Amino acid sequence: MQNENARVRRVALLGVATAAGASVRGAGMGPEALRVAGLAGALLDLGHSVTDHGDLRRPSPAPDAEPASWRLPEERQANVLDLSARASDRAVELMAEGHFPIFLGGDHSIAMGTVSGVARHCAATGKPIFVLWIDAHGDYNTPLTSPTGNLHGMSLALLCNEPEFDGPFAGDWRGAVDPRNVAIFGARSIDREERRLLEQRGVHVVDMRKIDELGAVATMRAIIERVRKANGHLHVSLDVDAMDPSIAPGVGTTVAGGLTYREAHLAMEMLHDCGLVGSLDIVELNPFLDEAGKSALLLVDLVASLFGRSVMSPPGEGPMAFATEDEEG
């Protein structure tokens with residue numbers, strides 16, 4: 001059901017179809033799976049306008065290319081950085097035109113470009129950027145600390161200007177985020193060196209223990225209030241692995257003990273109500289690993305909650321509303 005107070009948005013969908021930042025193939029099909037699951041239709045039903053700008057992608061390799069060549073670190077890095085630069089420029093353009101951009105991943109390395117573009121726009125307009133990273137992981141490794149070398153686990157560190165990201169990572173497309181303006185929500189798998197960096201940089205980490213102890217409402221409210229006090233732009237980067245695998249199996253990096261269905265929806269509903277969110281990533285959906293579209297459909301429902309859909313009808317409305325005595329009499 002649509003919230004009557006929902007703000008009508010000019011939504012721009014932009015896919016970044018790549019799995020080059022991850023070790024498991026399949027996330028490059030994520031943008032199309034979200035479309036098939038009805039993302040645009042859900043937003044249109046809520047009264048928003050939607051324009052689909054297609055996908056950014058790298059050219060497919062020649063048929064005679066080595067099938068495993070995508071696993072070569074230099075090839076995968078070149079793929080990620082090319083798409084990051086292009087996504088950053090497109091993000092700047094879309095936001096300058098007044099759109100609410102939704103970036104469809106793709107693995108979480110796409111945020112290197114998408115959030116960079118949002119940060120560049122915010123810098124140009126004088127509005128501080130805050131990032132809510134809804135994820136089982138911190139994604140704050142660097143080329144030296146990463147145990148895997150996978151760039152989707154380094155995206156947040158690059159955005160926060162960790163010093164190891166120079167050379168091929170440099171460029172005008174890069175935007176900066178103050179790590180003290182970052183909150184990670186739903187974390188439950190963080191590497192040792194990654195944890196040290198997060199603590200040193202002042203990143204606010206709301207792990208699952210905090211959510212278990214304090215609840216989703218109190219922890220999310222604290223994040224929202226920080227953004228509100230600063231009159232900031234809030235970018236949400238939603239990784240499907242933040243949810244428990246029992247409700248979202250379609251991801252290559254599942255971690256048990258994640259957000260429940262209601263915790264995830266409650267977070268989205270609170271984010272809608274605050275009116276501070278101005279851009280969104282949806283990442284790491286791997287249709288090859290999904291179960292009959294279960295994860296894609298959940299993500300569409302979560303985005304709908306973020307854009308004003310109520311999971312239940314308000315009290316006194318809907319088919320289950322009870323009649324009053326006068327009505328019965």
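If you run the Gaussian network model on the chain, springs between alpha carbon atoms under 10 Å, then out of Gly126, Gly250, Gly175 the most flexible one is Gly126. From a point 7 Å beyond the Cα of Asp89 in the direction of its Cβ, which residues of the range 145-177 have a backbone N at a distance under 15 Å? Of the residues in the range 145-177, 171-175 have backbone N under 15 Å from the label point off Asp89. Taking Lys and Arg as +1 and Asp and Glu as -1, the other residues whose beta-carbon sits under 14 Å from that of Leu39 total -3. Taking a sphere under 10 Å around the Cβ of Gly275 and counting the other residues whose Cβ falls inside, with K and R at +1 and D and E at -1, yields a net charge of +1. When the Gaussian network model of the chain links Cα atoms closer than 10 Å, the mean-square fluctuations of Ser295, Ser88, Ser189 top out at Ser189. Can you classify the range 144-184 as rounded, prolate or oblate using the Cα gyration tensor, where a ≥ b ≥ c are the square roots of its eigenvalues, rounded means a/c under 1.5, and otherwise it's prolate if a/b beats b/c and oblate if not? Because a/c hits 1.5 or more and a/b fails to exceed b/c, the range 144-184 counts as oblate. The Cα atoms of the range 119-242 give a gyration tensor whose axes a ≥ b ≥ c have a/c of 1.5 or more with a/b no greater than b/c, which makes the shape oblate. Between His53 and Arg195, the FRET efficiency from the beta-carbon distance, with R0 = 41 Å, is close to 0.65. Of Glu164, Glu284, Glu32, which is the most mobile in a GNM of the chain whose springs link Cα atoms less than 10 angstrom apart? Ranking Glu164, Glu284, Glu32 by mean-square fluctuation puts Glu164 first. Between Ser246 and Ala124, the FRET efficiency estimated from the beta carbon spacing at R0 = 41 angstrom works out to 0.45. Electrostatic bookkeeping for Gly30 treats Lys and Arg as +1 and Asp and Glu as -1; over the other residues with beta carbon under 12 Å from its beta carbon, the sum is -4. Our summary gives the chain a relative contact order of 22 percent, counting only alpha carbon pairs under 8 angstrom and 6 or more residues apart.
When His121, His204, His108 are sorted by how many other C-beta atoms sit within 10 angstrom of their C-beta, beginning with the fewest, the order is His204, His121, His108.
Taken together, the values in this text are just the output of simple stated rules run on the coordinates, not laboratory data. Here the structure is a predicted model, which is why all the values come from computation and not from measurement. For neighbour counting, all protein chains shown are included, and Cβ atoms are generated from backbone atoms with ideal geometry for every residue, glycine included.
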